[in-house]
Amino acid sequence: MSLLTDAMTDCQMIDRTTQADGYGGYKEVWKEGAEFKAAISINQTVELLIAQQQGLKEVYTITTPKAVRLHYHDVFKRIEDGKIFRITGGEDKATPASATIDMRVTTAEAWEIPPEEE
């Protein structure tokens, strides 16, 4: 165990799919997917705090084991409190194969799943 793995909490992917609406169209459906571990920390730099006052959403750093690959606009929730996040980082950063620490880092924002349309 390390401080990094001790800081990780259970998370679960939220996958967007489509299904027929019964009227010849389709609707978006959000379903729970695979579970994984991640350390989630809010970024509190002065620049970000100023940007948040001007309407920018909170920015989080998401740290996972290298085996977890989060892509731009992937959605997941932190299981302990149900908080939803959407990945905003482009290419994530991972430790090199020769490193003793196994981690991958990207950014996310707090997010809400759009309501189902009737």
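The values are calculated or read from the model by the stated rules, or taken from the named source; none is laboratory data. This one's a predicted model, so the numbers in the text were calculated from it and none came from an experiment. No Cβ is skipped: glycine too gets one built from the backbone with ideal geometry, and neighbour counts run over all protein chains shown.
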Extreme residue, surrounded by the fewest Cβ atoms within 10 Å (Cβ to Cβ), among residues of region 52-93 that are part of a strand (DSSP E or B) and at pLDDT below 90:
93
Result of the Cβ filter at 8 Å on region 31-46, keeping first residues that are surrounded by fewer than 11 Cβ atoms within 10 Å (Cβ to Cβ) and hydrophobic (A, V, I, L, M, F, W, C) and partners that are at pLDDT 95 or above and in a strand (DSSP E or B), at least 6 apart or interchain, is 34/12; 34/13
Verdict on residue 28 being charged (D, E, K, R), assigned to a helix (DSSP H, G or I) and farther than 19 Å from residue 81 by Cβ
no
Just to be sure before I move on: is residue 4 in contact (Cβ under 8 Å) with a residue 60 or more places away in the chain and either assigned to a loop (DSSP other than H, G, I, E, B) or farther than 30 Å from residue 116 by Cα (or both) in the structure I sent?
yes
Quick check, is residue 87 under 16 Å from residue 111 (Cα atoms) and either under 11 Å from the mean Cα position of the chain (by Cα) or of a type in the set (A, V, I, L, M, F, W, C) (or both)?
yes
Select from region 1-30 the residues that are among the aliphatic types (A, V, I, L, M) and surrounded by fewer than 10 Cβ atoms within 10 Å (Cβ to Cβ) and write down the one among them that is farthest from residue 59 (Cα to Cα).
20
